[in-house]
1. Name the pairs: first residue in the stretch 309-328 and more than 20 Å from residue 385 (Cα to Cα) and assigned by TED's automatic domain parsing to the domain that holds residue 394, second residue in a helix (DSSP H, G or I) and of a type in the set (Gly, Ala, Ser), Cβ to Cβ under 9 Å, at least 6 apart or on different chains?
2. Would you mind stating whether residue 389 is at pLDDT below 75 and in a helix (DSSP H, G or I)?
3. So, in the stretch 64-95, how many residues would count as being part of a helix (DSSP H, G or I) and either among the hydrophobic types (A, V, I, L, M, F, W, C) or at pLDDT below 95 (or both)?
4. So in the stretch 22-53, with the set limited to residues that are closer than 27 Å to residue 191 by Cβ and small (Gly, Ala, Ser), which one is nearest to the chain's Cα centre (by Cα)?
5. Going through the stretch 117-132 one residue at a time, which ones are without any contact (Cβ under 8 Å) to a residue 24 or more places away in the chain, under 16 Å from residue 241 (Cα atoms) and crowded, with 18+ Cβ neighbours inside 10 Å?
6. So is residue 276 farther than 30 Å from residue 142 by Cα and either part of a helix (DSSP H, G or I) or not assigned by TED's automatic domain parsing to the domain that holds residue 154 (or both) or not?
7. Against the conditions (1) exposed (fewer than 15 other Cβ atoms within 10 Å of the Cβ); (2) polar (S, T, N, Q); (3) not in a helix (DSSP H, G or I), where does residue 314 fall short? Just the number, please.
8. Looking at the stretch 183-214, which of the residues that are touching a Leu at 6+ places or on another chain (Cβ under 6 Å) and in contact (Cβ under 8 Å) with a residue 60 or more places away in the chain is surrounded by the most Cβ atoms within 10 Å (Cβ to Cβ)?
Amino acid sequence: MAVNKGLRSLVEASPNFSNQALENAVNELKIGWVIKSVELDTAIENNTVLTTSQKNDLKDDINNIAHLNLGRVLGDLIRHSASIIDGTIIPLEDLDNPVPATFLEILQNVQTVQGLIPELYGVPATDKKRSVNDHLGTLNNIFLSTTDGTAPVFITLRESIEFIATANLATESALETAYDDLRSFIASVTDDSTDFQQTLDTFATAVANAHTNFNNALASEPYLTHRTRITEMRDKINTQVALENSNLVGIDTYIETLSNNISYTTLAEDEEMRQLMVRVAQDKTWQTYFEDYQTNFNNLNPIFTTDTDSDKSTVIDQVLASRGLPDVLDPLDLEAVANKAKRDTRVDTKNYDHLRTEQQITKSCEQLGIRTVNRSIYDQSRSLLNNLNQQDRDIVANELDLNESSNTLS
């Protein structure tokens, strides 16, 4: 049921979804050489003269020291998040009549996954790397917060960038100049041809060399620690983007697979369909599921469902009471003890009718491995009754375990 308060205002306004919050956070990282690196990445991306192949080659050429080339990292991050908002991250299914996905569809699919995984696997979606943040974390400020007490990615990144930029290293200045030179040249290109390729390569080489020199200048303390942190934070950003991309690109197929598996399990309720599934499924785990379905189904009993192991003893007591057990309490009532022994499936009662009650008790003790030598009939009866009552508990405990096993996802 939807909450009505504010609903009218909601439907009369556009949500205007965007990745602006992420862009604002990225803007805080534009310090020192990172400013120039971002500007260069933007210039390459927005240029309308360079071919896609030329752009890709150029990006590769200047990515020789990837942890310093933060413009590409942050640019790819922004473009990735934007593709989620506009739905273009989802491949088009029909190229002849393409209907792009929408952000709403992506949100609904992610929500669907949150429900299907616990149903099929018995664990939260986060255990399968399929939580909301595993799909949409970049939009959900995942780089500005943590749950383990460590500093967030963007905070750590900003601190290290600031520390290095404040040092005003000559190699950083040289790198910024190389960035500017390449960006200016790209802006000046007006003809879509290969005539400028040699000059483009020269400027790209200058950037790569400047990266190397700057990286070498950061190879000792106090800069090395911050260079290492930048590398680690870059890796975390790229890992998150790769995870989201992998999860979202294939989310339709993933949901279809999970939904189909749920549908297949409903067939197990029909005996003929179970037999068919065993014959047509080639995977052993599938065969086992349908072969064992009826047995496992018979083992299910709501009365045995417990929240914790500590509840098992209580449940056993309740089940025994519902069955009228223990039905014999007094070990001195030899006849009652003997009759209970004859109902125990472990006791062979052949020719018992020809034995006196005391002999029946002794015979039962011997079959159950209870010592009888030099023991009075009452001591034997007491030990036998304890054994019989424990057997009742063990039977119920086994039923409880079978129920738990049948009800446990595996």
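1. Correct list of pairs: 312/397.
2. Against the criterion (at pLDDT below 75 and in a helix (DSSP H, G or I)), residue 389 does not qualify.
3. 8
4. If we take residues in the stretch 22-53 being closer than 27 Å to residue 191 by Cβ and small (Gly, Ala, Ser), then 37 is nearest to the chain's Cα centre (by Cα).
5. 131
6. It is true that residue 276 is farther than 30 Å from residue 142 by Cα and either part of a helix (DSSP H, G or I) or not assigned by TED's automatic domain parsing to the domain that holds residue 154 (or both).
7. Just one mismatch for residue 314, condition (3).
8. Result: 207.
The values are calculated or read from the model by the stated rules, or taken from the named source; none is laboratory data. For clarity, every value in this text was computed on a predicted model and none was experimentally measured. Glycine also receives a Cβ, built like all others from the backbone with ideal geometry; neighbour counts cover every protein chain displayed.
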